[in-house]
Amino acid sequence: MKILITGGAGFIGSNLARHMNNVHPDWQVNILDDLSTGFRSNLTGLDATFHDGSILDTELLGTVAAGMDSIVHLAAIPSVPRSVAAPRPTHDANSTGTLNVLEAAREAGIEQVIVASSSSVYGSNPALPKSEFDWTRPMSPYAVSKQATEGYPLAYNFSYGMKNLAFRFFNVYGPGQAAGHAYAAVIPQFLDAAMRDAPLSIHGDGLQSRDFTFVGTVCAVITAAIDRKVSSNDPVNLAFGTNTTLLELVDELEKTLDKALVVEHQDSRTGDVRASQSDGLRVRELFPEVTPVPLREGLDRTAQWFVETSDSAAPTP
Ligand code: NAD
């Protein structure tokens with residue numbers, strides 16, 4: 001089996017490549033990444049062919065896609081605040097970039113493209129927990145671009161008979177997720193601060209909640225989707241129905257690290273969603289073989305990675 005992972009030098013993509021190396025050593029993994037937010041050091045030790053370039057380079061994309069059996073399309077500018085600061089680059093990479101990947105797949109006769117959409121598409125919809133059939137109302141340019149990321153491949157199923165699958169990721173965390181930059185996700189930010197004995201910075205009151213999903217669970221679901229050629233004409237929430245506030249997350253991290261942590265509250269951020277939780281029904285129905293890693297265990301494994309890498313092997317561009 002030949003697989004192309006776009007964005008494979010990033011956090012989820014490099015975990016996915018490693019997971020495929022482990023469970024399917026016979027699969028040939030290819031990675032296309034422009035290293036804009038990914039790291040070359042994430043590729044260390046991977047059995048994968050790396051193509052350094054952008055999904056906006058349609059000629060390169062066509063060459064790399066030729067002969068693949070499936071594409072996992074993760075490449076994107078993955079940040080709400082970055083999209084608020086500069087919407088056009090987000091649109092180009094996430095919306096146009098997805099169209100480019102689908103066109104490359106169509107031209108190469110590849111049936112299955114699996115894409116990474118986001119829970120942020122629900123935006124101002126207050127329903128909790130959320131099903132895939134609840135309405136979407138994006139609140140940031142990033143969320144709009146993710147609506148295109150999931151909309152195009154599903155439309156291609158109808159228009160061209162493809163067998164695509166669009167996952168909505170919900171706050172994925174785990175080893176390899178970079179901290180120490182302005183747009184870092186909350187768990188690596190907290191761990192990074194905790195390691196330095198600095199205060200944990202919370203935007204707002206800390207009662208905003210998330211359905212945190214361990215990256216190993218995400219990798220297991222995507223790999224099963226390729227294994228069994230799972231497709232769907234509706235998006236699939238890739239989260240299992242947990243609901244953790246940031247204040248509860250701080251409590252959990254105190255247990256994981258076995259020390260008291262100090263919290264510092266800051267202003268709420270534009271475009272941030274108050275509560276985010278999936279009902280977890282479709283993903284369980286489609287992937288009964290995958291048991292999600294619980295938060296407790298996932299935080300332990302993530303903290304362990306932070307401890308191991310905090311001094312020496314922090315990701316390098
Ligand atoms: P990441 O930044 O670590 O990975 C994204 C990768 O895409 C990076 O390696 C980056 O260099 C690459 N990239 C960006 N623009 C590119 C381009 N034009 N051409 C080629 N490569 C390009 O982020 P991640 O957390 O691993 O996210 C992976 C995907 O999952 C993204 O599509 C993101 O929107 C989506 N997602 C992630 C989360 C999460 O919690 N991490 C939640 C929802 C959705």
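The values are calculated or read from the model by the stated rules, or taken from the named source; none is laboratory data. Everything numeric in this text was worked out from a predicted model, so none of it was measured. So basically every Cβ, Gly included, is an ideal-geometry build from the backbone, and we count neighbours across all protein chains shown.
Per the listing Ser131, Ser124, Ser117, Ser145, the residue uniquely of a type in the set (Ser, Thr, Tyr) and under 18 Å from Ser36 (Cβ atoms) is Ser145. In the set His203, His181, only one residue is in contact with a Lys or Arg (Cβ under 8 Å, 6 or more places away or on another chain), assigned by TED's automatic domain parsing to the domain that holds Glu252 and of a type outside the set (A, V, I, L, M); that residue is His203. All but one of (1) part of a loop (DSSP other than H, G, I, E, B); (2) modelled with pLDDT of 95 or more; (3) not hydroxyl-bearing (Ser, Thr, Tyr) hold for Asp311; which doesn't? Among (1) part of a loop (DSSP other than H, G, I, E, B); (2) modelled with pLDDT of 95 or more; (3) not hydroxyl-bearing (Ser, Thr, Tyr), Asp311 violates only (2). When you check Asp33 against the structure, is it among the charged types (D, E, K, R) and under 15 Å from the mean Cα position of the chain (by Cα), yes or no? Considered against the rule, which asks whether it is among the charged types (D, E, K, R) and under 15 Å from the mean Cα position of the chain (by Cα), Asp33 comes out as yes.
Name every residue in the stretch 272-294 that is closer than 26 Å to Pro138 by Cα, surrounded by fewer than 16 Cβ atoms within 10 Å (Cβ to Cβ) and at pLDDT 95 or above, in order of residue number. The answer is Leu281, Arg284. The set of residues in the stretch 145-160 that are touching a residue at least 40 places away in the same chain (Cβ under 8 Å) and either out of contact with any helix residue (DSSP H, G or I) (no Cβ under 9 Å at 6 or more places or on another chain) or within 14 Å of the ligand (Cβ to nearest atom) (or both) comprises Ser145, Lys146, Ala148, Thr149, Glu150, Tyr152, Pro153, Leu154, Asn157, Phe158.
Out of the residues in the stretch 106-123 that are polar (S, T, N, Q) and assigned to a strand (DSSP E or B), which is nearest to the ligand (Cβ to nearest atom)? Outline the logic, then answer.
Looking only at the stretch 106-123, we keep the residues that are polar (S, T, N, Q), and these are 112, 117-120.
Within this subset, residues satisfying the condition of being assigned to a strand (DSSP E or B) are 112, 117-118.
Details: Gln112: 17, Ser117: 7, Ser118: 4 Å.
Applying the filter and picking the extreme gives Ser118.
Sort through Ile226, Ile187, Ile222 and tell me the only one that's more than 16 Å from the ligand (Cβ to nearest atom) and of a type in the set (A, V, I, L, M). Quick ask: steps written out before the conclusion?
Working: Ile187 fails: more than 16 Å from the ligand (Cβ to nearest atom); Ile222 fails: more than 16 Å from the ligand (Cβ to nearest atom).
Answer to the selection: Ile226.
How many of the residues making up the stretch 1-48 are more than 12 Å from Ala76 (Cα to Cα) and among the aromatic types (Phe, Trp, Tyr)? Residues meeting the conditions: 2.
For the stretch 246-271, a residue qualifies if it is crowded, with 16+ Cβ neighbours inside 10 Å and touching a residue at least 60 places away in the same chain (Cβ under 8 Å), and the qualifying residues are Leu246, Leu249, Val250, Leu253, Leu257, Leu261, Gly271.
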